[in-house]
1. Restricting the first residue to segment 1-13 and requiring it to be under 15 Å from ILE53 (Cα atoms) and in contact (Cβ under 8 Å) with a residue 40 or more places away in the chain, which pairs with a second residue that is assigned to a loop (DSSP other than H, G, I, E, B) and among the aromatic types (Phe, Trp, Tyr) meet a Cβ separation below 7 Å and a spacing of at least six or different chains?
2. Just one of ALA102, ALA86 is touching a residue at least 60 places away in the same chain (Cβ under 8 Å), among the hydrophobic types (A, V, I, L, M, F, W, C) and either farther than 12 Å from GLY5 by Cα or touching a strand residue (DSSP E or B) at 6+ places or on another chain (Cβ under 7 Å) (or both); which is it?
3. Which of the residues spanning segment 26-59 are farther than 17 Å from VAL83 by Cα and in contact with a Phe, Trp or Tyr (Cβ under 8 Å, 6 or more places away or on another chain)?
4. Which of the residues belonging to segment 1-18 are surrounded by fewer than 22 Cβ atoms within 10 Å (Cβ to Cβ), hydroxyl-bearing (Ser, Thr, Tyr) and in a loop (DSSP other than H, G, I, E, B)?
5. Filter segment 19-43 down to residues that are over 29 Å from ALA104 (Cβ atoms) and among the aliphatic types (A, V, I, L, M) and give me whichever is surrounded by the fewest Cβ atoms within 10 Å (Cβ to Cβ).
6. Give segment 34-53 a look and list any residue that's under 12 Å from the mean Cα position of the chain (by Cα) and assigned to a strand (DSSP E or B), or say none.
7. Please verify whether segment 54-68 includes one or more residues that are out of contact with any Leu (no Cβ under 9 Å at 6 or more places or on another chain), surrounded by fewer than 17 Cβ atoms within 10 Å (Cβ to Cβ), assigned to a strand (DSSP E or B) and of a type outside the set (D, E, K, R).
8. Can you tell me which residues in segment 1-21 are closer than 9 Å to ASP64 by Cβ and either over 12 Å from the mean Cα position of the chain (by Cα) or of a type in the set (Lys, Arg) (or both)?
Amino acid sequence: MKLIGVTSCPSGVAHTYMAAEALETAAKAKGWYAKIETQGAIGIENELTAAEIEAADVVVLTKDIAIKKEERFAGKKIVRVTVTQAAKQAPEIIAKLESMLAQA
């Protein structure tokens, strides 16, 4: 499976990066490819390429604030979570995604 995502929080500092790391770690623990773009106080980092977006099975977006350039994900399976959920419940999110994708 290939998971991509974007994390962002209102202050754009710690939680943005904690959420990205947690999602990547949980996905990789399942043997998935994972790349999470961060949109923090210093701008967009680890920006997703068009090829990565095209190849992705699922996209996780945090919903605490608007994601910049969200139109890139049109037509993809998108799951929205809070930045706190992503940071604290990443393994559970990945398990739910795995179940959802298995049924598709």
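1. MET1/TRP32; LYS2/TRP32; LEU3/TRP32
2. Working: ALA102 fails: touching a residue at least 60 places away in the same chain (Cβ under 8 Å).
So the residue among ALA102, ALA86 that is touching a residue at least 60 places away in the same chain (Cβ under 8 Å), among the hydrophobic types (A, V, I, L, M, F, W, C) and either farther than 12 Å from GLY5 by Cα or touching a strand residue (DSSP E or B) at 6+ places or on another chain (Cβ under 7 Å) (or both) is ALA86.
3. If the condition is that a residue be farther than 17 Å from VAL83 by Cα and in contact with a Phe, Trp or Tyr (Cβ under 8 Å, 6 or more places away or on another chain), then ILE53 is the only one that fits.
4. SER11 - this is the single residue of segment 1-18 that is surrounded by fewer than 22 Cβ atoms within 10 Å (Cβ to Cβ), hydroxyl-bearing (Ser, Thr, Tyr) and in a loop (DSSP other than H, G, I, E, B).
5. Step one: filter segment 19-43 for residues over 29 Å from ALA104 (Cβ atoms), giving 40-43.
From the residues that got through so far, the ones that are among the aliphatic types (A, V, I, L, M) too are 41-42.
On the way: ALA41: 12, ILE42: 9.
It comes out as ILE42.
6. Passing the criteria: ALA34, LYS35, ILE36, GLU37, THR38, GLN39.
7. no
8. Scanning segment 1-21 gives CYS9, PRO10, HIS15.
Throughout, read-outs are computed from the coordinates displayed, never taken from laboratory work. Because the structure is predicted, anything quoted here is derived from the model rather than measured. Backbone-built Cβ (ideal geometry, glycine too); neighbour counts: all protein chains shown.
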